[in-house]
Amino acid sequence: KAGVTQTPRYLIKTRGQQVTLSCSPISGHRSVSWYQQTPGQGLQFLFEYFSETQRNKGNFPGRFSGRQFSNSRSEMNVSTLELGDSALYLCASSLLGEDGYTFGSGTRLTVV
Amino acid sequence: DQQVKQNSPSLSVQEGRISILNCDYTNSMFDYFLWYKKYPAEGPTFLISISSIKDKNEDGRFTVFLNKSAKHLSLHIVPSQPGDSAVYFCAASGANSGYALNFGKGTSLLVTP
């Protein structure tokens, strides 16, 4: 079966711009989570969506937001980009959320 | 603050020997622990997990041990193979954190022929 698909794989944006990243979970999975990976901070939880509702949120500023659609696909948006937002953004899906996650390959965002 | 810690950034092991990767956590409410393997430019791949009601879980060459009193878990890989060379992340979750995964910063394992 198809895995978690993230698009685009690579993205370069300018400071102050906004960006939208997309994630298609494994078919049947209703929970989608987003993580940010940076060399200094490691993998950090951004937020989790379940059945179109944000169920959990990490410690990130309000510039980071997300949503989930009725088909479980999810998008995350970062507004007013800063240089420090350069990172690998990973999406993970799970059947229910407490049974372990399968990760996508990530979107590498570079802010210049 | 880092609730999951992997204190060894790197580990080098000879092929055929045992690799032992360690992980410590501080939050006693964590009740589910996972190990992920990651190659550069790819997402983490799930390896093995253990719930807090167990102290050991095995899957082929991979065994995870959990010591709840010490808040410590370890991943044993026996025998180690060159293809095991990757970064290994320990993660912990619990109902009180909505099952969000709290990751350690990873241990880079190099298995040499």
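The values are calculated or read from the model by the stated rules, or taken from the named source; none is laboratory data. Quantities reported herein were computed from a predicted structural model and do not represent experimental measurements. Ideal geometry is used to build each Cβ from the backbone, glycine not excepted, and the neighbour counts take in all protein chains shown.
Numerical summary
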| item | result |
| --- | --- |
| Test: residue in the stretch B:56-71 that is modelled with pLDDT of 95 or more, surrounded by 13 or more Cβ atoms within 10 Å (Cβ to Cβ) and closer than 19 Å to residue A:42 by Cβ | yes |
| Residues of the stretch B:64-84 classified as farther than 20 Å from residue B:7 by Cα and in contact (Cβ under 8 Å) with a residue 60 or more places away in the chain, total | 5 |
| Any hit, the stretch B:76-87, residues being assigned to a loop (DSSP other than H, G, I, E, B), of a type outside the set (Val, Ile, Thr), away from every other protein chain (no Cβ under 11 Å) and surrounded by fewer than 16 Cβ atoms within 10 Å (Cβ to Cβ) | yes |
| Filtered residue count, the stretch A:19-32, keeping only those that are among the hydroxyl-bearing types (Ser, Thr, Tyr) and modelled with pLDDT under 95 | 2 |
| Any hit, the stretch A:63-85, residues being within 13 Å of chain B (Cβ to nearest Cβ), among the polar types (S, T, N, Q) and over 14 Å from the mean Cα position of the chain (by Cα) | no |
| Residue satisfying all of: in the stretch A:72-112; of a type in the set (S, T, N, Q) and part of a strand (DSSP E or B); farthest from residue A:32 (Cα to Cα) among these | A:110 |
| Criterion: of a type in the set (S, T, N, Q) and more than 15 Å from the chain's Cα centre (by Cα) - qualifying residue of B:74, B:69, B:108, B:52 | B:69 |
| Leading residue by the ranking (nearest to residue A:36 (Cα to Cα)) among those in the stretch B:41-63 that are touching a residue at least 24 places away in the same chain (Cβ under 8 Å) and within 13 Å of chain A (Cβ to nearest Cβ) | B:44 |
| The lone exception for residue A:46 - which of (1) under 23 Å from residue A:95 (Cα atoms); (2) surrounded by 17 or more Cβ atoms within 10 Å (Cβ to Cβ); (3) within 14 Å of chain B (Cβ to nearest Cβ); (4) more than 12 Å from the chain's Cα centre (by Cα) it fails | (4) |
| Unique residue being surrounded by 14 or more Cβ atoms within 10 Å (Cβ to Cβ) and either out of contact with any His (no Cβ under 7 Å at 6 or more places or on another chain) or modelled with pLDDT under 95 (or both) when the list is A:9, A:15, A:108 | A:108 |
| Unmet criterion (only one of (1) under 22 Å from residue B:89 (Cβ atoms); (2) buried (at least 21 other Cβ atoms within 10 Å of the Cβ); (3) not basic (Lys, Arg)) for residue A:72 | (1) |
